[in-house]
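These notes are about the structure you will find just below.
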């Protein structure tokens with residue numbers, strides 16, 4: 001017998017806003033997700049690369065700084081355009097700064113330039129979308145270089161460690177989200193409340209979306225602000241102001257289509273393991289097919305045209321079979337590493353189509369139990 | 001996100017509450033009004049020209065399998081669109097104002113449905129939150145309702161481990177946690193033992209008698225309807241066959257009485273025949289007598305006195321719900337199901 005049984009009583013309290021009901025579903029889903037020890041472990045593990053990349057940001061900023069500080073010191077003392085190199089200053093103004101100072105500056109600048117180029121080229125060699133970075137190095141404009149390097153680092157961060165973690169976490173988290181509701185016929189409990197099917201989808205979508213943002217958007221923004229704080233040069237703000245927008249857009253490009261596709265798989269079965277299997281198969285199969293096509297063709301090109309690996313450049317519409325590759329291409333366009341929009345356009349269209357079709361199909365799937 | 005707003009201000013559902021109150025007064029006799037509702041599922045017609053007026057109180061919705069009861073409930077909840085026809089529930093248009101209807105209706109589904117991974121108290125709290133009750137208040141209210149429903153420490157166990165009866169209780173608690181005006185209960189007593197069945201019916205009766213709620217109970221268990229319903233609607237093949245107050249349906253068209261005799265009934269039967277009174281000897285030994293005026297009663301007493309027959313009872317007959325039901329669905333394909 002309860003110690004405070006008051007029987008039935010009416011309720012006349014204030015209700016929450018109608019438009020926040022999806023949040024109730026999202027919060028319930030998040031609580032359920034965080035009960036899983038594996039999800040918690042993977043979320044923690046996904047922050048490890050952030051630490052490593054933080055060190056890279058620190059190194060890069062200090063190399064850039066050593067060059068720019070000397071350049072600005074010389075330029076300020078001579079009031080000469082910042083665009084001119086130390087050699088140009090010496091050539092134009094032979095009566096300028098003391099020779100020893102100029103020699104010292106020149107020596108330091110050349111050294112830092114060499115280190116910088118070595119660092120960037122080493123990092124970029126063989127890496128995807130490094131062309132834009134190498135071009136920025138060759139342009140000699142440190143401001144453009146900083147923006148491109150930061151973009152490239154963040155893009156690599158989102159694409160490689162976080163991309164793999166995204167795949168794994170979605171594969172663990174999303175399959176049970178709707179399939180369990182299908183199995184336990186929970187739809188009627190949801191739909192008998194004042195919420196729509198769209199809000200149901202929004203609530204379910206928010207669970208993986210928020211989780212993925214914790215491993216993509218949040219650490220990338222953290223890295224950005226960490227980089228700002230570590231940089232001894234205030235010009236970093238002017239050079240990289242656009243990056244938070246690019247990071248947000250790139251994270252959304254990854255989060256929304258992947259979560260919708262995974263939710264669609266989840267809605268198609270009562271068994272979450274089937275949904276998980278479908279998820280990993282679609283990603284894995286697409287990546288394997290594209291990888292086979294790429295390596296077969298590049299190997300042929302190397303043999304037939306006698307090219308070195310770094311000279312081979314292979315493009316094919318078959319890359320669209322891999323969701324991973326398609327997302328990566330759109331992200332590289334967002335980060336400005338792919339400057340030709342026509343190269344990214346097919347990927348943008350395919351990703352848009354995947355998103356729209358997955359949403360419509362998902363909507364029909366979650367409506368089905370009510371229509372019967 | 002848990003921001004609370006007073007009812008009747010920013011919340012569109014709440015804004016409609018006052019409207020609902022006014023319209024409820026206007027349509028107090030008819031909480032549910034349906035006019036010529038037709039609903040097709042592709043080639044199959046689920047509801048055919050359904051017109052209904054359901055008033056306050058408890059209404060039993062009866063019908064054989066496939067009669068269209070579940071479809072009718074979905075139409076009332078605004079979950080499916082009708083092909084033609086119109087109607088209102090609590091003053092709100094079905095189809096267009098489904099959200100407002102669902103805010104004021106508590107629905108207990110027939111299916112064994114639950115939310116995986118939640119305990120009983122979490123599931124009821126979740127239902128309350130979905131209905132717009134702020135989370136802390138939802139928790140308090142859920143405990144209160146679970147006490148009312150007789151769910152004690154089991155509320156802290158996962159719903160997946162519950163027995164069928166316990167799940168029924170949790171579903172009922174989830175249906176009433178937001179204090180709805182109208183309860184739509186689909187097979188509420190299935191899977192319950194007799195004691196729990198009676199307790200649940202008593203709870204429904206309490207809500208309707210003491211808290212001004214109304215209920216529409218869809219069930220196959222006729223004694224449940226007989227026990228608590230004020231009105232009965234019988235559906236068959238998607239059409240409304242019977243819709244009336246239960247006491248009217250129970251009253252036979254011609255007044256009949258059942259006579260129970262101590263000893264042999266044949267003497268009474270013979271005497272009545274000789275007096276020209278229509279009667280029938282039933283298999284249990286009672287005699288069914290048609291008596292529509294005082295003169296007939298006078299004749300019955302005389303026969304008993306003359307033949308030394310001891311009448312132990314003479315009571316008016318009532319149409320049983322089973323007879324009403326069978327009569328209503330007779331001749332339909334559903335009658336064979």
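Quick notes on this structure:
- Sorting B:218, B:265 by the number of Cβ atoms found within 10 Å of their own Cβ, with the fewest placed first, yields B:265, B:218.
- The radius of gyration of the Cα set in the range A:195-270, together with its Dmax, comes out at 16.8, 56 angstrom.
- With q set to 0.15 Å⁻¹, the log10 of I(q)/I(0) for the range A:237-309, from the Debye formula over equal scatterers at the Cα positions, is -0.78.
- Computed with the Debye formula from one identical point scatterer per Cα of the range B:34-163, without solvent, the log10 of I(q)/I(0) at q = 0.14 Å⁻¹ comes to -0.79.
- Taking the convex hull of Cα positions in the range A:262-367, its mean projected area over all directions (nm²): 8.0
- Considering only Cα atoms, the convex hull volume of the range B:197-308 works out to 183 Å³ per residue.
- Listed from fewest to most Cβ neighbours within 10 Å, the set B:264, B:224 follows the order B:264, B:224.
- Going by neighbour counts of Cβ atoms within 10 Å, the residues A:152, A:318, B:301 line up, fewest first, as B:301, A:318, A:152.
- Shape annotation for the range A:324-372: C-alpha extents along the principal axes are 50, 15, 13 Å, from largest to smallest.
- Tail weight of P(r) past 17 Å, computed on alpha-carbon pairs of the range B:37-107, percent: 42
- Bins of 10 Å, starting at 0 and running to the largest distance - Cα pair percent for chain B: 5, 22, 26, 21, 13, 9, 4, 1, 0
- From most to least packed by mean Cβ count within 10 Å, the peptides A:50-58, B:100-108 give B:100-108, A:50-58.
- Here the Debye sum runs over all C-alpha atoms of the range B:183-238 as equal scatterers in vacuum, and log10 of I(q)/I(0) at q = 0.19 Å⁻¹ comes out as -0.66.
- Average other protein chain Cβ within 10 Å of Cβ, residues B:70-78: 2
- Principal axis extents of the C-alpha atoms in the range A:1-55 (largest first, rounded to whole Å): 61, 34, 16.
- Relative to the dominant Cα principal axis of chain B, helix B:194-210 is inclined by about 80°.
- Rounded to 10°, Cα long-axis angle of helix B:164-176 versus longest principal axis of chain B: 70
- Acute angle (nearest 10 degrees) that the helix B:12-26 long axis makes with the longest principal axis of chain B, alpha-carbon atoms: 20
- Rg to Rh quotient for the range B:261-337, alpha carbon positions, Kirkwood Rh: 1.13
- Peptide B:141-148 shows a mean partner chain C-beta count of 4 within 10 Å per residue C-beta.
- Reducing the range B:148-183 and the range B:227-242 to their Cα centroids gives an inter-centroid distance of 27 Å.
- Cβ neighbours within 10 Å from other chains - mean over B:98-110: 4
None of the figures in this text is laboratory data; all of them are computed from the coordinates on show. Predicted model only: the values in this text are computed from it and were never measured. Cβ atoms come from the backbone with ideal geometry, glycine included; neighbour counts cover every protein chain shown.
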